[in-house]
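K.L.:
Right, I'll just put the structure down here and ask away after.
The values are calculated or read from the model by the stated rules, or taken from the named source; none is laboratory data. Note that the structure is predicted; figures quoted are calculated from it, not measured. When we count neighbours, we look across all protein chains shown, and the Cβ atoms used for this are built from the backbone with ideal geometry, even at glycine.
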């Protein structure tokens, strides 16, 4: 066989293999980039929802209740509903379940619970929602949806509740820390 033909065939094979592996690598990288983009969109949607909820509830923080039809209240309510509805097409099932459970209790007030019982349920649902959002948004989180981790998050929620607490709730947070290598949680 002619060495020129063998050389040309080897060069052609090299080009074909290089093109094949480049295309395969490109597709894989494109999928990775798309996954990162979608995760970033979900993180922004979670942030928007949490800000919208807090933005609305903060209107009532200092004893002055805005009129239902006031521009500031209307804007806050509209932002909440937009943020909430946008989660339906982007959030994975565990996050969507947790958000809708929280929404039903905290926003729709669809419960017979009152006082401290309602506060406990609010904490439970909010903590579950935060944990599910963290599990989706971060490659690695030490918080799993376990009772111990949920209790850890419940104790640190950015909300003020009644001063009456159970003995377990008054216990020092470090005593029930689910992340032992960090005395006050993850740093």
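K.L.:
Quick one: which helices (runs of 4 or more DSSP H) sit completely within region 49-157 and have at least 2 residues that are touching a residue at least 40 places away in the same chain (Cβ under 8 Å) and under 27 Å from residue 37 (Cβ atoms)?
P.N.:
71-90, 93-102, 115-137
K.L.:
Taking region 124-167 as the region of interest, how many residues are at pLDDT 90 or above and more than 25 Å from residue 44 (Cβ to Cβ)?
P.N.:
So the count comes out to 1.
K.L.:
Moving to a separate point now. Has region 6-26 got at least one residue that is at negative phi, out of contact with any helix residue (DSSP H, G or I) (no Cβ under 6 Å at 6 or more places or on another chain) and exposed (fewer than 10 other Cβ atoms within 10 Å of the Cβ)?
P.N.:
no
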